[in-house]
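All remarks here apply to the structure that follows.
All of the numbers you see were taken from the coordinates with simple rules; none came from a lab. Please read these numbers as outputs of a predicted model, since none were measured by experiment. Here Cβ is always computed from backbone atoms with ideal geometry, including for glycine, and neighbour counts include all displayed protein chains.
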Amino acid sequence: MLQGFNRLWLANELELDTVWMDGTCVAADIRPRGLVLLRDATRTLMKATG
């Protein structure tokens, strides 16, 4: 085996400690009460940063 390569012949090792997920296309069933809670949380966070 060549030095600097792993079993999959990748130049860098894989780090599986952190998983990044794109949630923009997740089909979530959000009910109206959930939307109100999301709105309130967003307002609170925006007031805290502004």
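Seen against the Cα atoms of the chain and their longest principal axis, helix 32-49 is set at about 80 degrees. Here percent of Cα pairs over 16 Å apart was computed from the coordinates, and among (1) 73; (2) 49; (3) 70 the match is (3). Across the options Asn12, Val36, Met46, the greatest Cα extent toward the positive end of the charge dipole of the chain (unit charges at beta carbon of Lys, Arg, Asp, Glu) belongs to Val36.
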